[in-house]
Structure formats: C-alpha cells, structure tokens
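Data block below; observations after.
Every read-out reported here was derived from the displayed coordinates using simple, explicitly stated rules and does not represent laboratory data. The model shown is predicted, which means the values in this text are computed figures rather than measured ones. Here the Cβ positions follow ideal geometry from the backbone for every residue, glycine too, while neighbour counts run over all protein chains shown.
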Amino acid sequence: MRQWKRIVVGVDGSPASRTALEWAGDEAVHHGSELVVLTAWLPIAPPLAGTSSTLPTHGVTHPGKRQKSS
C-alpha cells in the first residue's frame, strides 16, 4: 500500500465532520501518516459601547421598549 505522509481533515462540529474525522484517523493509522485536523470560525465582534449585543435582534423585545404593532 502506498505510504501517505499526511492526511488533512476539516472539522466544524457537525455529524458529517465527525464521520470525516473518524475516517481520517483510521486512514492515518493504516498508512502510518500524520493526521492534521483543521477548524475555522468567524469571531463575533465585541458589543459596541452602550449596547448589549451585536447580534441581530429582529423580533426581540427589550425592556423599556415597545414593539410596533402590525
């Protein structure tokens, strides 16, 4: 069997990525390869001064604010 130097797999926490990680681990053992596991994410910016969050608040009521009626 051909020797693989390195196997790279991306993981995002999903069930599919878990399956991919297990497969890559098995292949790395089988081939005597290095296993490189990568993950990436987009960081959430800290809240602006005077606000409680930078996340979307569409449809969320806030204390002291009245929601517009439809």
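Taking the simple approach of a point 7 Å from Cα along Cα-to-Cβ for both ARG18 and LEU35, what is their distance in nm?
Inter-label distance under the simple model: 1.5 nm.
Could you please report the charge total around ALA20, scoring K, R as +1 and D, E as -1 over all other residues with beta-carbon less than 15 angstrom from its beta-carbon? Present the calculation step by step, with values, prior to reporting the outcome.
On the way: positive: ARG18; negative: ASP12, GLU22, ASP26, GLU27.
Charge balance near ALA20 sits at -3.
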